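Laboratory data are not the source of any read-out in this text; all were calculated from the coordinates shown. Just so it is clear, the structure is predicted and the values come from calculations on it, not from any experiment. Here the Cβ positions follow ideal geometry from the backbone for every residue, glycine too, while neighbour counts run over all protein chains shown.
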Number of protein chains: 2
Amino acid sequence: MSGDTVDTNSNYLAQSLKDLGLVPYIKKVVGDDQELLVSSMRELAAVSDVLVVNGGLGPTIDDLTATALAEAAEVSIARHPIALSTLEKWASQRGFNLTESNLKQADLPESCEIIANPHGSAPGFTLELRGCLVMCTPGVPSEFKPMVEAELLPRIRDRGDIAATSKITRLRLFGITESGLQDLINESFPDWPGEVDLGFRVQMPVIEIKIVTVGSSDNTLNDEWTARFTHRFGDYIIGRDSTRLSQALNLALLEANKKLAVAESCTGGAIAAAITSEPGSSTVFEAGFVVYSNEMKQQMLGVSPSTLERHGAVSEETVRELVTGALGVSGSDLALAISGIAGPSGGSDEKPVGTVWMAWGDHSTTKARKFFLPIPRHAFQRTATAIAMDLVRRQILGLSTDVDYFSELRRR
Amino acid sequence: MSGDTVDTNSNYLAQSLKDLGLVPYIKKVVGDDQELLVSSMRELAAVSDVLVVNGGLGPTIDDLTATALAEAAEVSIARHPIALSTLEKWASQRGFNLTESNLKQADLPESCEIIANPHGSAPGFTLELRGCLVMCTPGVPSEFKPMVEAELLPRIRDRGDIAATSKITRLRLFGITESGLQDLINESFPDWPGEVDLGFRVQMPVIEIKIVTVGSSDNTLNDEWTARFTHRFGDYIIGRDSTRLSQALNLALLEANKKLAVAESCTGGAIAAAITSEPGSSTVFEAGFVVYSNEMKQQMLGVSPSTLERHGAVSEETVRELVTGALGVSGSDLALAISGIAGPSGGSDEKPVGTVWMAWGDHSTTKARKFFLPIPRHAFQRTATAIAMDLVRRQILGLSTDVDYFSELRRR
C-alpha cells in the first residue's frame, strides 16, 4: 500500500492460471490491518471458489495473515506440528535456535493444511472458508513463484471442473523483441489455427513463448505447430521451459567438451558471474579477467600499449588482443572479450555511451562485432552480457553469429 | 487481470500520497464487468473519502467506467459539453474527424466534473458517490502520472483535514534478519511510542526500516527515534533510502581514496559485477580475478601449489595468498578474496557445501574469516557476495569486522 513495492506476484499467478484456461476474478490489496483483512477474506471467499492470499506470513508483528484467517473462519490459532517441524528443520540446517518471533510462523489457524515452501522458512497453508479454498502464501517473490506451479495450480485444478487435457509447450527465445516476434508470426503463419493459443512472457532478456492447446485430447496439434514454430524461429530458441541463457551456453560448452575464459571490461564480471551461477560450471569455465583499467588490460592480458593508444580500449583491435591474451594466460579452448562504454559518462562523439565491442574465438580464429546499446547502465550491462553469451553459444553450435539482435539495436 | 501488464500507476499514486501523509486504504482490481464495477464502486465509496478509479475511459466497448459510475450513482449518461469541446479540440489539432467511438468518450455521468488530461484524448471526471469523491482517470501511465500531482493531489488535499506534516525516514540495514531485528527492537525499546510507526521491507540481502510519524506537526519525534534506532543499530545501517551495498562500499572506497581488487572463486565474478554495476566504479575498482580452477589460482595470482595441496582451495591460507597475489598483480590499495563451496556438489565431511573463506587487506595487514552458508547455490553466491562487500566496507570505515552476520549463519 505504500507504493514502495511493485507487485509482480499477482501477474505471475494470472499468467500461470492461463495454463488452466482461468482468469482471476478480483484482486484486492489492503495494508496490515486485522479488521480489514478479516472482512476482505470473508467478502472474497463468499464470491470465489479459490482465494490466494499473498504476504503477511513473516515473523514480525505486522504479519497478520494467520490470525486474520483464523478470525474470518472463527477457528483458533494453534502451533501447527508440521509447520513447527519444518521450521525446526530449517533452523537446524542453519545451525541456530528458533526465537519466539520465528516460532510465530508455526502458529496457524486450527485444522489448516500446510503448503510446502522449499525456499523459505514460513510454510504456506490452506483453509476452507465459506466454501472457498483459501491458500495463504509468502509474499517474497523468490518463495512465492516456485510454489505457483508446484503447489497452487494442482490444488486449483483439483478444485473443479477444469480441463486436464491441455498441452503446453514452452519455448525460450533470445535476440528478438516481443513486438518483432509478433509481427513475424503474423507474417509467417497467416494460417495459425485459433485452437492453438500463443502466449508471450517477457523475462528479460529472454522471451518465453507458450504454445497451448486446451481441452483437446489431440496433442498432435500442439506438436505440429511447435514443430512449425521451431522450424521458423529455431535460430532464436535457446531451450525449453525455464532455460536461462547461461544454462544454454554451459550446455553447449559441455557437449562440445570446451572450456571458456572471459575478459571483461564494461560488464565488470557479470558474464563470468552468470556462467558460474550455474551448477557444474567448473567443467566449462576456466577463468575470468575483469580488466577494468587500461593498465590491467596490458598487465593481465598483454594488450599492447600502442593498440590502446591508437585505437582506444573500446575497439576491435583491443578486444581481439584480449581474446588472444585470455587464451594464452588461461590455456582454455575458447575465449570471449568485451569492452564498451556503459555510461552514464565516458562517451565521446566518435564512441558514444552504449558503444560496445565483443570478440570471441579459439586458438586459430577470432571474430569480432560491434553493437550500439544506448540504454541505461544496468540494462546495457545485462543486454551486453546476454548478447556475448549468445554469440559464444551460436559459435559452438555452428549457428550464424551475424544475427541481427533486436531490431532496435543498430550496429554502428 | 490477465497478468500481461504490471500495474505501476497505483504505486505512483501511493508514493505521491506520502507527500500528504496519506496511505491508501484499499486497492481493488476487477476486469471489464459492469456488474462487478458497479458493486465495487459502491462498496469502496462507502468506506472511503476519496476513490480513484483508474482505466476504462477509452473508446472501445470494454471501457465501462462512465456507465458503471452512472449506474452506481443512479444518474444518467449524457454528452458532457466540456468533454466534447476538449475532444473536438484534441481532434482538430491532429487534423481528423471524431468517430462515434471517439464521441463515446464524452458520454459521462450527469453532473460530473471534468479533470483535465493534457496528454490524451479522454478527460478524467469526478462525481460524488455516498459521500465519497470518485475520480475517474485514464489507465495509460503517460496520461495518468502527470495528472496525479496536477489534478488529483490538490482535490484530495481540499477534501479534508489532512496533515501535510508526516515524516518518513528510511534506513537500510545489512547483516541482520527481519526476525532477529524485530526481537532486538522489542528488547531494546520497550518504550517505543505508538505514534512512531515502524515498517519493515526485505530487499534481499538488505532490510529497509521505515520510521514514520504521521499527522504530527512535530518532526522532532521522528528525528529522536531515528537517532535512538541509529545509536542502537548503526553498525548494521549501510545508508538511507535506496542505498545498495555496492553503493555503500564504493562510497566508502571513494571517500578513503582507495582502489580495490577482487579475487573470486565461488562467487565467480559476482562481487566484481556488483561493484562495477555502479556508475563511477572505475575510480574505486582496479581489477577482478575469477580464479575458478586451482591452476588459475597459481598462475594468475601466485598461490603456492603446496598451500593448495596441504590446505585445499577453500582455506584460510589460500584466501590470504589470493589477497597477496591480487595486491601484487593489480597494484591496488586493497584486495578481497573469496573461496568456498557453492554446491550443490563438491562438499566433503570436513568442508561441507556452504563453507566459505574470505580474506581482505592492504599491503601491511590481511584478515580472514570463515562462514558457513548451507543454502542453495544462488542464495549462497548472493549472500557471500554481500558479506564480502560489507566486510571491506566495515574495514574501511573502522567498524568491527567481527560482526555476527545473521543469527542463523554460524561460523564453524
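Worth pointing out:
- Residues whose amide H lies under 5 Å from that of A:N117, counting only those 5 or more places away or on a different chain, are A:G124; hydrogens are built 1.01 Å from N in the peptide plane.
- Starting from the label point of B:N257 at 7 Å along Cα→Cβ, the same points in the other copies fall at 5.6 nm, in ascending order.
- The sum of -39500 (n - 2.57) across all DSSP H runs of n ≥ 4, divided by the residue count of chain B, sets its helix-only mean residue ellipticity at 222 nm to -11500 deg cm²/dmol.
- Computed label-point distance, nm, for sites A:V47 and A:N219 using a 7 Å Cα→Cβ extension: 3.9
- Ordered by the number of other Cβ atoms lying within 10 Å of each residue's own Cβ, fewest first, A:M135, A:M41 fall into the sequence A:M135, A:M41.
- Fraction of beta bridges assigned by DSSP in chain A that are antiparallel (%, nearest 5): 75
- Debye intensity ratio I(q)/I(0), log10, chain B, q values 0.14 Å⁻¹ (C-alpha model): -1.10
- With neighbour counts taken as other beta-carbon atoms within 10 Å, the residues A:F380, A:F285 rank, fewest first, as A:F380, A:F285.
- Take the Cα of B:T401, go 7 Å toward its beta carbon, and the backbone nitrogen atoms of segment B:320-354 under 16 Å from that spot belong to B:320-328, B:332-339.
- Nearby aspartates and glutamates by direct alpha-carbon distance to B:K28 (threshold 15 angstrom, same-chain neighbours under 8 apart not counted): A:D7, A:E43, B:D7, B:E43
- In a simple Cβ point-charge model (Lys, Arg +1; Asp, Glu -1; nothing else charged), the protein assembly as shown has a dipole of about 2380 debye relative to its Cα centre.
- Scalar couplings 3J(HN,Hα) for segment B:141-157, obtained by applying the Karplus form with A = 6.51, B = -1.76, C = 1.60 to θ = phi - 60°, are x, 5, 8, 5, 4, x, 6, 4, 6, 6, 10, 7, 4, x, 5, 5, 4 Hz; x denotes Gly and Pro.
- In whole percents, the pair-distance distribution calculated for segment A:1-58 from its alpha-carbon pairs, binned every 5 Å from zero, is 4, 14, 26, 24, 20, 9, 2.
- Amide H contacts under 5 Å for A:V262: A:A287, A:G288, A:F289, A:L336, restricted to partners 5 or more places along the chain or on a different chain, H placed in the peptide plane at 1.01 Å from N.
- Over 30 Å between alpha carbons, listed pairs A:K145/B:K210; A:K259/B:K351; B:K259/B:K370; A:K27/B:K145: none
- If a spin label sat at a point 7 angstrom from the Cα of B:E110 along the line to its beta carbon, the backbone N atoms of segment B:60-89 nearer than 17 Å would be those of B:66-82.
- Taking amide H atoms as placed 1.01 Å from N in the peptide plane, the amide H of A:L129 lies under 5 Å from those of A:V134, each 5 or more residues away in sequence or on another chain.
- Label spacing, shortest first and in nm, from B:P305 to its equivalents in the remaining copies (7 angstrom along Cα→Cβ): 3.4
- Annotation: the antiparallel percentage among DSSP beta bridges lying fully within segment B:245-397 is about 55.
- The string of couplings for segment B:188-197 from the Karplus curve (6.51, -1.76, 1.60, θ = phi - 60°) is 7, 10, x, 9, 4, x, x, 6, 9, 7 Hz, one whole number per residue in order, with x for Gly and Pro.
- Taking the alpha carbon gyration tensor of segment A:291-364, multiplying each eigenvalue by 5 and rooting it gives semi-axes of 22, 13, 10 Å, largest first.
- Computed across segment A:72-231, the Kirkwood hydrodynamic radius from all distinct Cα-Cα pairs reaches 19.2 Å.
- Overall form of segment A:170-269 per C-alpha gyration tensor (a/c, 1.5; a/b vs b/c): prolate
- Crossing angle, helix B:245-256 versus chain B [Cα axis fit, 0-90 degrees, rounded to tens]: 60
- Relative to the dominant Cα principal axis of chain B, helix B:34-47 is inclined by about 80°.
- When both bridge partners sit in the protein assembly as shown, DSSP labels roughly 75% of those beta bridges antiparallel.
- Hydrodynamic radius of the protein assembly as shown per Kirkwood, over alpha carbon pairs, in Å: 29.6
- Calculated P(r) tail over 24 Å for segment A:9-159, as whole % of Cα pairs: 28
- Inter-copy separations for B:D402, label at 7 Å along Cα-Cβ, nm, ascending: 6.5
- Axis of helix A:220-233 versus longest Cα principal axis of chain A: the two differ by about 30°, to the nearest ten degrees.
- Exposure proxy order (Cβ contacts within 10 Å, fewest to most) of B:S246, A:S111, A:S121: A:S111, B:S246, A:S121
- Our coupling estimate for segment A:109-121, obtained by passing each phi through the Karplus curve with A = 6.51, B = -1.76, C = 1.60 and θ = phi - 60°, is x, 4, 6, 6, 10, 7, 10, 5, 10, x, 10, x, 7 Hz, Gly and Pro reported as x.
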